[in-house]
């Protein structure tokens with residue numbers, strides 16, 4: 001997976017286009033909440049890998065996401081659900097394809113995922129449920 005370089009014609013400066021993920025601190029806090037849990041290392045590794053893959057992505061539409069993450073679920077025009085650690089955990093995002101921004105909306109266990117409305121869930125009101 002590669003990302004295109006953007007060229008500013010007047011200045012001649014080349015910039016790498018990378019996806020912005022808002023916010024990585026959400027992933028870090030979630031992993032920290034699993035300290036001492038048997039899944040800690042596997043979830044940390046899976047989320048780190050997801051983060052680095054997404055940062056390099058060049059997604060223009062949901063089909064591009066599916067090409068990179070075949071197990072992702074497309075929910076509506078901007079919502080995408082990623083399976084984390086073999087589908088034990090779910091990561092709900094909203095993607096602004098035009099601006100190359102991924103917003104983390106919810107992260108939790110698959111069991112807790114079954115209790116939310118993926119189309120409307122917002123991070124602040126339903127994070128880290130048990």
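Looking at residue 49, is it more than 12 Å from the chain's Cα centre (by Cα) and under 23 Å from residue 78 (Cα atoms)? Spelling it out, it is not the case that residue 49 is more than 12 Å from the chain's Cα centre (by Cα) and under 23 Å from residue 78 (Cα atoms).
State which residue is surrounded by the most Cβ atoms within 10 Å (Cβ to Cβ) when the search covers only the range 87-107 and only residues that are over 10 Å from the mean Cα position of the chain (by Cα), farther than 18 Å from residue 19 by Cα and in contact (Cβ under 8 Å) with a residue 24 or more places away in the chain. Among them, the one singled out is 89.
Yes/no matrix, rows are residues, columns are (1) touching a strand residue (DSSP E or B) at 6+ places or on another chain (Cβ under 9 Å); (2) modelled with pLDDT of 95 or more:
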| position | (1), (2) |
| --- | --- |
| 7 | yes, no |
| 23 | yes, no |
| 35 | no, yes |
| 49 | no, yes |
| 62 | yes, yes |
| 79 | yes, yes |
| 90 | yes, yes |
| 93 | yes, yes |
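The values are calculated or read from the model by the stated rules, or taken from the named source; none is laboratory data. Not measured: the values here are computed from a predicted model. For neighbour counting, all protein chains shown are included, and Cβ atoms are generated from backbone atoms with ideal geometry for every residue, glycine included.
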